[in-house]
Every structure is written in C-alpha cells, then in structure tokens.
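Enquirer: Mind having a look at this structure? Questions to follow.
The values are calculated or read from the model by the stated rules, or taken from the named source; none is laboratory data. This structure is a prediction, so every number in the text was calculated from the model and none was measured. Cβ placement follows ideal geometry from the backbone for every residue including glycine, while neighbour counts extend to all protein chains displayed. With ligands, DNA and RNA removed, areas are computed over all heavy atoms of the protein, side chains included. Shrake-Rupley method; radii C 1.70, N 1.55, O 1.52, S 1.80 Å.
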Amino acid sequence: MVTTRFSLLLCAGSLALLAGAASRTSLAEDTPKSAAPTAKEEAWTVPDIDKLPDDVWGRTVRYGRDLISKTSTLIGPEVADASKRFAGNNLDCQSCHINAGTVEFALPLIGVYGDFPAYISRTGSVGTIEDRIQGCMERSMNGQPLPAEGAEMLALVSYLKFLSTGRPVGGATYGDGSGRMPELNRAADPVKGRTIFANTCAACHGNQGEGQRVGKIGDAKGYVFPPLWGPDSFNNGAGMDRLIYTANFLHSDMPAGTTWNNPTLSTEDAWDVAAYIVSQPRPVKPNLDEDYPNKLEKPVDTPYGPYADDFPAEQHKYGPFAPIEAAIKKLKAAEVAR
C-alpha cells in the first residue's frame, strides 16, 4: 500500500504498490557502474534503522532518513521557517529513491557512501558525497545548496553512511541503479508515449503530469504522486530529464507494483513514454553549457549541448544512440592516438 510519504515518481493506474538507469544511482549518475539486472537474485539487506539507540547518532541518522522521505515538509519551498526553504519544488528525495532509498533496482542509496570521493564527469573534478548531494539539491530539487556545515547536510551524510553499513568502499552493490535495458534502433517516440501515458500514468500523475497533492498549495505536505513536469518538478539539468535514465527507471519500477524482475511496460513502451515525459516543459537550470568540461564524457542522452559530436540535439534527446556512441568511441580513440 502506498503511503503519502512513500510517493512514486511515475506510477500508473493502481495504488496496489518511485524511484536512472545507466548509472549507479542518481547520486552518482556521472559514474556509470550498473549493468542490466541479472536473473540471479542476490540477498538484498537493509540495515534496520529502528535498532539504532535514541542517542545523538541515532537521532541524526533518523533525521537524515526523514529528509529523504519528507523533504517537502522539512526543507521545501512552503515550510513555515523561511530559513529552511532549501528545495525549490515540493518533491521528496524518495520521489526518485523508493522508500527512502532502500529498494533494489529502484535507485537505492545503499552503497552510495562508499563511492565517494569520486571523479564526476559533469564537473570534471573529484567530488565528495556532500558535493553530490548539493548537485541533487540544485537539479532534482530545483533549489539551492544546503549549508555545508548545517544539520541537514550532516544528517543526510550520516544516513547514507548508515545505509552502507558493511559495504566495502568502492565496491559494487548488487541492486544499485535501475538496470539497463536494450536501446532502440530508432528514435523514441513521444507521440506514441503520450497514449501510453494517458492509459497507464495519468490516473496517478494527472493528464497534464501535475501530480496529486496531499493537501493544498502552501501547506508543505507535498504530493501523494509528484508532478512529472511543470513548475513544481525537477529541472532540465536533473538526471531524470535524460531519456536513458528515465526509460530504464520506468521499465524496472513502473507502473505501481512493478519490480525490476517482473516489468510491466514493454521495452518499446518504456522508451516511448519516457520520451513523452522528457519532451514536456520544466524549470530551466542556468549555465548548463558549463556541464561536462570534457565533452567526450557527456552522456549521449544529455538533451542540451554543446556536444563533442555533430549529431543534432534532438537525436541526443530521443535517440537512436548507437550512432552517437560509435562516433564518441572514434573521437576518444583519436584523442588517445594524438
């Protein structure tokens, strides 16, 4: 049963049961590690947060969990304390990281702590876990950075560390990301996707992708089902505005009740409905042209330029991606040969 706080980013039809795709998790979307889920399921374990004592550490970790699951209520744009309005939309972090980042192949946060510091191609530099959290705040949450030494940053980092209890630093985590399905040999079709959306997504997320509020505008209670586009959604610099990222998430986790090893949407339908979603208007993040200083490291589905190759922005947005990938491979080889 879906609760108010465990909202889904993209769901459809039934409430019987969110959380891209070519990457580790959205917290590490620039350092791809995850391959397609295998048929062999490995043990998926989540540390029991309720077993933590009621001391400073336990309360800090739980506050971090709450910041993931109740973001809009604690640091959203409608909270009563204006000094805490860090997020620019009313999404919750678990709008993308299902159940506070604890579900396999649903953009889990388990294991993420051990991935940092790491090279982040989007900035062309080595970044810390704090840097990556700030990226999420400015893109997925369409907001502003958290105070570097503030209680919120400390709590989020503490929660991520707790979720990675027992995980090796830099080691692979089975169940990370949302897998990667085969790419189409054609462009994904937003026109076809519109019909799929109407039939399988609109019941939860609205005909215009506006989502369903818990209460009313201004009450800081967020959404039961969050908006997929429009002014209260993630901005165009977020990972969820990339086709590969979104399509794989849909295939593994949507509509409601779907699991990665029992997908509901066909491969083609997942690509097409993702194309429809990323074709819609959303907040604009300034200075995106500064992303990926090394353009050869730019993901092929990045919908904004400039690019290292000569393919049009529309093909980067909707595919097919194989020709772009081949061209980038040649450019990288030529650079090495210099």
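Enquirer: Name the pairs whose Cβ atoms lie under 7 Å apart, with the first residue in segment 187-203 and of a type in the set (D, E, K, R), the second at pLDDT 95 or above, and 6 or more positions between them or separate chains?
Expert: These pairs meet every condition: D189/D272; D189/A275; K192/D272; R194/Y276.
Enquirer: Please state which of the following conditions E130 fails to meet, knowing it meets all the rest: (1) modelled with pLDDT under 95; (2) open to solvent by 10 Å² or more (accessible area, probe 1.4 Å).
Expert: The number of the failed condition is (1).
Enquirer: Against the condition touching an Asp or Glu at 6+ places or on another chain (Cβ under 6 Å) and either buried (at least 20 other Cβ atoms within 10 Å of the Cβ) or farther than 24 Å from D92 by Cβ (or both), how does G209 come out, does it pass?
Expert: no
Enquirer: Also, quick follow-up: Only one of P255, P293, P312, P306 is over 26 Å from E104 (Cβ atoms) and touching a Ser or Thr at 6+ places or on another chain (Cβ under 8 Å); which?
Expert: Of the residues listed, the single one that is over 26 Å from E104 (Cβ atoms) and touching a Ser or Thr at 6+ places or on another chain (Cβ under 8 Å) is P293.
Enquirer: Continuing with the same structure: Considering only residues of segment 80-97 that are crowded, with 24+ Cβ neighbours inside 10 Å and of a type in the set (A, V, I, L, M), which is nearest to G257 (Cα to Cα)?
Expert: The extreme case among them is L91.
Enquirer: Just to verify a result, which residue in segment 155-188, among those that are basic (K, R) and closer than 28 Å to S266 by Cβ, is least open to solvent (accessible area, probe 1.4 Å)?
Expert: R186
Enquirer: For segment 237-278, what are the residues that are surrounded by fewer than 18 Cβ atoms within 10 Å (Cβ to Cβ) and assigned to a loop (DSSP other than H, G, I, E, B)?
Expert: Once the filter is applied, which keeps residues that are surrounded by fewer than 18 Cβ atoms within 10 Å (Cβ to Cβ) and assigned to a loop (DSSP other than H, G, I, E, B), segment 237-278 yields G257, N261, S266.
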